[in-house]
Amino acid sequence: MRSEAKVALVTGANKGIGYEIAAGLGALGYRVGVGARSAESRDAAVAKLVAAGVDAFGVPLDVTSDESVTAAASSLERLDVLVNNAGITGGMPQQPTLVDLDTIRAAVETNVLGVVRVTNAFLPLLRASAAPRIVNMSSTVGSLTRQSEGEQGPISAAYAPSKSFLNAVTLQYAKELRDTNILVNAGCPGFCATDLNGFRGYRTPAQGAAIAIHLATLPDNGPTGGFFDDEGVVPW
Ligand code: NAP
């Protein structure tokens, strides 16, 4: 029955990888909230998902706004899966010697503080779920190990460190929630062709969505406090 379907919310689900996460969870029978800040693109994504047979609904959501996030949380009655997917690069250039501090602030505001803001607002609903899952969409450019091993994406004093920060925050959530049934993990989609990178990625958004769908549907004995891509564990 529809009313008993598990409910998932995907932030930034109007396009790119987030849209494909919503489509994938919808295909698995989840009722899916399409979190998006633009009414026009949110409505278009919901219409496309519904046409594909997904039980989708729109959730007005700007992850940088306390008011928007609070209103979004109070509009839902149930939540089983939260995918913190919304993200930005913050703009260019990002060489540490040239970067504008506002570029760093913007990346951290959306990619880190946005995740904390959204997660904390929806946590009461997640705590009421029988099998809550939180997935934070990170990136291997946030892996300090990979960065220190050599080339891993462009020089970036805003986007890449914001994902390292997100990874660190993910670990702290997992630590605090370890004695609960909430599994919290970070996922990396790989280099996917989306607006984020001018469609230069070599993977499809659907391929990028797969790790998030996997982490969103982990069994109760699944991992928490980990960082994963399609190949397995990504080193911090
Ligand atoms: P995208 O196509 O640019 O989509 C980003 C999404 O985030 C859009 O829906 C965007 O909404 C939304 N968003 C941005 N700021 C927001 C805000 N303040 N409130 C609500 N939504 C907001 O990028 P993508 O490639 O699908 O990226 C999805 C996630 O994967 C990001 O976290 C990104 O860092 C991560 N990732 C991507 C790649 C890749 O190769 N593409 C690699 C590693 C990690 P608007 O349409 O309104 O801007």
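The values are calculated or read from the model by the stated rules, or taken from the named source; none is laboratory data. Remember, it's a predicted structure, so these values are computed and weren't measured experimentally. Every residue, glycine among them, receives a Cβ derived from its backbone with ideal geometry; neighbour counts consider all protein chains shown. Ligands, DNA and RNA are excluded from the accessible area calculation, which covers all protein heavy atoms including side chains. Shrake-Rupley method; radii C 1.70, N 1.55, O 1.52, S 1.80 Å.
Annotation: lysines with alpha-carbon distance below 24 angstrom to Lys15 (same-chain offsets under eight excluded): Lys6, Lys48, Lys163. Model label sites at Ala206 and Ser41, defined 7 Å from Cα along the beta-carbon direction, differ in position by 2.1 nm. Computed over the chain, the Cα gyration tensor eigenvalues convert (square root of 5λ each) into semi-axes of 26, 20, 17 Å, ordered from largest to smallest.
Please find, in a Gaussian network model of the chain (springs between Cα atoms separated by less than 10 Å), the residue of Asn221, Asn14, Asn111 whose mean-square fluctuation is greatest. The residue that fluctuates most here is Asn221.
Among the trypsin sites (Lys or Arg not before Pro) within region 1-105, those in coil by DSSP and having at most 14 neighbouring Cβ atoms inside 10 Å are Arg78.
Which shape class, rounded, prolate or oblate, goes with region 90-157 when its Cα gyration tensor gives a ≥ b ≥ c as root eigenvalues, a/c under 1.5 marks rounded, and past that a/b bigger than b/c marks prolate?
Numbers: a/c = 4.74, a/b = 1.83, b/c = 2.59.
The shape class here is oblate.
Comparing Pro219, Pro205, Pro60 in a Gaussian network model of the chain where C-alpha atoms under 10 Å apart are linked, the largest mean-square fluctuation is found at Pro219.
When ligands, DNA and RNA are left out and all protein chains stay put, how many square angstrom of accessible area per residue does the chain have with a 1.4 Å probe? Let's see the in-between values first.
On the way: 10960 Å² over 236 residues.
Counting only protein heavy atoms, the per-residue value for the chain is 46 Å².
When the Gaussian network model of the chain links Cα atoms closer than 10 Å, the mean-square fluctuations of Thr97, Thr224, Thr145 top out at Thr97.
Can you tell me how much longer the chain between Lys48 and Asp230 gets when fully stretched, taken as 0.36 nm per residue apart minus their C-alpha distance, in nm with one decimal? Please list the in-between numbers first.
Numbers: separation 182, 0.36 × 182 = 65.52 nm, distance 2.66 nm.
Length gained, Lys48 through Asp230: 62.9 nm.
Within the accessible surface of region 3-70, defined with a 1.4 Å probe on protein heavy atoms only, the carbon and sulfur portion equals 51 percent.
A simple spin-label model places the labels of Asn120 and Phe199 3.9 nm from each other, with each point 7 Å out along Cα-to-Cβ.
Shown here for region 85-161: GluC sites (Glu not before Pro) in loop regions (DSSP other than H, G, I, E, B) with at most 14 other Cβ atoms within 10 Å, namely Glu151.
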